[in-house]
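Scroll down for the structure; my scribbles are underneath it.
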There are 2 protein chains.
Amino acid sequence: MSRRVTQQDIARMTGVSQATVSLVLNGRAEGDVRIAPETRERVLEAIRSTGYVADPIGRRLAARHNQILGVFTYESVFPAGMGDFYHPFLVGIEECAERIGCDLLLFTSAPVIDGRRRIFHQDNRLRLADGCVLLGQWLDPAELTRLLAEGQPFVSVGRRDDAGGPVPYVGADYPGATAAQVRAAIELGHQRLVYVGEGPDGPESHADRWRGFSAAAGPHGSRLAAPDLDAILVTDSTCVFVEEYADGVALAAQAAERGLRVPEDLSFVALGDPTRSAPTDLDLTGFRIPRREMGWQAVEVLAAILEGQPGEQRILPCEPVAGSTLAVARA
Amino acid sequence: MSRRVTQQDIARMTGVSQATVSLVLNGRAEGDVRIAPETRERVLEAIRSTGYVADPIGRRLAARHNQILGVFTYESVFPAGMGDFYHPFLVGIEECAERIGCDLLLFTSAPVIDGRRRIFHQDNRLRLADGCVLLGQWLDPAELTRLLAEGQPFVSVGRRDDAGGPVPYVGADYPGATAAQVRAAIELGHQRLVYVGEGPDGPESHADRWRGFSAAAGPHGSRLAAPDLDAILVTDSTCVFVEEYADGVALAAQAAERGLRVPEDLSFVALGDPTRSAPTDLDLTGFRIPRREMGWQAVEVLAAILEGQPGEQRILPCEPVAGSTLAVARA
DNA sequence: CTTGCCTGCTAATACCTATTAGTCCTTGAC
DNA sequence: GTCAAGGACTAATAGGTATTAGCAGGCAAG
């Protein structure tokens, strides 16, 4: 359990200074500082024989960066109950981090207050990482504002409204993807469309879907906050657009129970992948969120920020899913 | 983008020394060092107004620990192809880390050489964390030996053979769980049992299964390295024990194609959960690896090591799964 | 012999916090 | 008036690395 080997030790062993060891290690022999080849060899030999490796902490302290990217999630990082919705994001994040040679720090220690994690608290550890990726449906605007103000390098996965300035993000084109689905429905003859979900009252991702829906549906569209089949039937709609995949599954099942055929009597479109697990063999029409790609690109954008470039805002397209729950409107 | 606030800044603002700021922050006013309440208040006020938070790097350098646990996996941390076999371990690790207030550092940057990650390489970053959890079917014994020799605090998820000393681990009772399945089969009248897999030639987890199998089956048991149905039929066995769940699924399908009824003509027992994804509606008899619990307890053991206690070796029981592929032996 | 330049290195410092030894001041006891 | 006993701090240091300014010695040109 002997003390760890340091540059100082190597220096003493080879009769040079600690600075020389550092220089040899970093191959900084080009330019203004020179090391004689035989000295270099002696030092390298000592390093080899002791198995010395630089302490990343010291490195970080001196160099001000340490190739660590933080990942902050407002829910559990490894989702148990969320139907693995976040998993693909993490896969993308990991892949890109690996490619650029960064480690990932999961802020699991952030205390959970009122059911969600908080970034800022008395023992804020964000600075441990060079920068960080934020993941979650809803991010506290106050915390975003503060991150921005402090110049903390970060990127949000998912579009965010300005928070005292533009927020760097990699989002999905919910408005475009939603509008495309609405147009498809209209072309199939649907005259009355209903949107089920929080829409403008929800987080950005929900508001975006609603924007796309209302722009494309115009006067043909209406909205219900709760997944209530009776209320839907009252609107006399023929096509239901659900924010939450699981709501779609549940509503379709209810409709079937009442003798309505899906999709002949009532069509369903899901605006994205399931965030809650929804065991079913129903294959809802809708679109796929490019989650892995979003994770990957978020790291890409973060890396660019860390190199001094301005924070980007990217929107990625969603891939349509044909599914089996959208049909020609009933007569 | 101003420089980060340090204790020095707070000290200058309030006209005290950096040491005083540190003392106030750490509430060390008890015992031998005292701070006047009004000074304390001034400092706290400055901290509040600037939003100062301690830099974890400085902390780590000075205090020698930083509440970070490393997670090293020989494969991807977020498994894409592994059928999510590792996911439950990570869930357990995260839960326990959260409980004890630690962050998790995923060593995604470790370079992949010959298809697997290496712990030791020119830029070893293990020291970044207080200790680390090792995850993977096969861990390089040379690396384990070195970790042990260097006194690096670590815990393996999964039993490991000694590597120049006992390795701290949290493993599953594969011998016991396997033996129980064998005894169950024997009680159902099976006379010839065959084990399909690497067994003694594989990693510890496979060798353990084989040990349990051969001890319980005695002369009734034999082993085949490859999942080859013809070879199995040649042995005239009535019950097949597969190391890999996916092999069991494939073999059962082949058997069915040849007109053999499963389990009436041929029984199958899977020795653990699927490591490769195996889409099927077949519910193999066997046992469940307590993966979440193993992850959780690994962190527990690591935490104990970090507090100076000796590294433990724990073996957790596996829960039997009744399934539908084990029946009374054919006459 | 001076000047200047080059080579090969080292001393010093910065980075940020935690801890310990010690200093200065006030107050109370004798 | 002296001494002791706290109280309230601060100075100094450690911890490991990267960087920069600078120094000693040798050599060539003038």
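The values are calculated or read from the model by the stated rules, or taken from the named source; none is laboratory data. The shown structure was predicted, so the numbers you read here are calculated from the model rather than taken from an experiment. All Cβ positions, glycine included, derive from the backbone under ideal geometry; neighbour counts span all protein chains shown. Heads up: the accessible areas ignore ligands, DNA and RNA and are worked out on the full protein's heavy atoms, side chains in. Shrake-Rupley method; radii C 1.70, N 1.55, O 1.52, S 1.80 Å.
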- Message: Taking each residue in B:93-103, count the Cβ atoms of any other chain within 10 Å of its Cβ, then average. What number comes out?
- Response: 5
- Task: Evaluate the distance, in nm, between pseudo-label points positioned 7 Å from the Cα of A:GLU41 and of A:SER222 along their respective Cα→Cβ axes.
- Result: 8.7
- Per the helix-only model, chain B has a calculated mean residue ellipticity at 222 nm (DSSP H runs of ≥4, -39500 (n - 2.57) each, divided over all residues, rounded to the nearest 500) of -11500 deg cm²/dmol
- Is the stretch A:264-315 rounded, prolate or oblate when judged by the Cα gyration tensor, a ≥ b ≥ c being the square roots of its eigenvalues, rounded requiring a/c under 1.5 and prolate requiring a/b larger than b/c? prolate
- Task: Give the peptides A:84-94, A:271-281 in descending order of average Cβ contacts within 10 Å, highest first.
- Result: A:84-94, A:271-281
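Let's see if you can work this out: charge +1 on each Lys and Arg Cβ, -1 on each Asp and Glu Cβ, no other charges. What is the dipole magnitude of the protein assembly as shown about its Cα centre, in debye to the nearest 20?
2000
Where does the protein assembly as shown land on Rg(C-alpha)/(2.2 N^0.38 Å)?
Numbers: Rg = 29.4 Å, N = 662, 2.2 N^0.38 = 26.0 Å.
Relative to the 2.2 N^0.38 Å estimate, the protein assembly as shown comes out at 1.13.
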- Using per-residue counts of other Cβ atoms within 10 Å, averaged over each peptide, order B:160-169, B:287-296 from highest down. B:287-296, B:160-169
- Label spacing, shortest first and in nm, from B:PRO310 to its equivalents in the remaining copies (7 angstrom along Cα→Cβ): 6.3
- Query: So how far, in whole Å, is the C-alpha centre of the stretch A:35-69 from the one of the stretch A:244-270?
  - Reply: 63
- Message: Highest mean first, how do B:126-137, B:247-258 rank when packing is the count of other Cβ atoms within 10 Å averaged over residues?
- Response: B:126-137, B:247-258
- In degrees, nearest 10, the alpha-carbon axis of helix B:245-257 is tilted away from the dominant principal axis of the alpha carbons of chain B by 30
- Calculate, for B:ASP265 and A:ARG276, the FRET efficiency according to 1/(1 + (r/R0)^6) with r their C-beta to C-beta distance and R0 41 Å; round to the nearest 0.05. 0.45
- Note on the structure: In whole percent, the Cα-Cα distances of chain A spread across 20 Å bins from 0 upward as 27, 42, 21, 9, 1
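Using a Förster radius of 60 Å, what is the FRET efficiency between B:SER22 and A:ARG288 based on their Cβ-Cβ separation? Nearest 0.05, please.
Working: r = 51 Å, r/R0 = 0.86.
My answer for the efficiency is 0.70.
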- Taking H placed 1.01 Å from N in the peptide plane, check which residues at least 5 places from A:LEU105 or on another chain put their amide H under 5 Å from its amide H. A:LEU69, A:GLY70, A:VAL71, B:LEU106
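Leaving ligands and nucleic acids out of the surface, order A:VAL299, B:VAL328 by accessible area at 1.4 Å, largest first.
Working: A:VAL299 0, B:VAL328 95 Å².
Most to least solvent-accessible, the answer reads B:VAL328, A:VAL299.
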- Using only Cα atoms, locate the centre of the stretch A:274-331 and the centre of the stretch A:125-180, then give the distance between them in Å, rounded to an integer. 16
- Task: Mind pulling the angle between the C-alpha long axis of helix B:87-99 and the longest principal axis of chain B? Nearest 10 degrees, somewhere in 0 to 90.
- Result: 30
- Message: Compute the angle between helix B:291-306 and the longest alpha-carbon principal axis of chain B, please, reported from 0 to 90 degrees and rounded to the nearest 10.
- Response: 40
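Determine the shape class of the stretch B:174-289: with a ≥ b ≥ c the square roots of the Cα gyration tensor eigenvalues, call it rounded for a/c under 1.5, and otherwise prolate if a/b is greater than b/c, oblate otherwise. All intermediate terms of the calculation are to be shown ahead of the outcome.
On the way: a/c = 1.45, a/b = 1.16, b/c = 1.25.
Judged from the Cα gyration tensor, the stretch B:174-289 comes out rounded (a/c under 1.5).
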- Note on the structure: Under the 7 Å Cα-to-Cβ spin-label approximation, B:GLN191 and B:ALA149 lie apart by a distance in nanometres of 5.4
- Query: Put the label 7 Å from Cα along Cα→Cβ for B:ASP228; what are its distances to the other copies, in nanometres, shortest first?
  - Reply: 6.7
- Label distances, nm, B:ALA322 versus same residue in remaining copies, Cβ-directed 7 Å point: 4.2
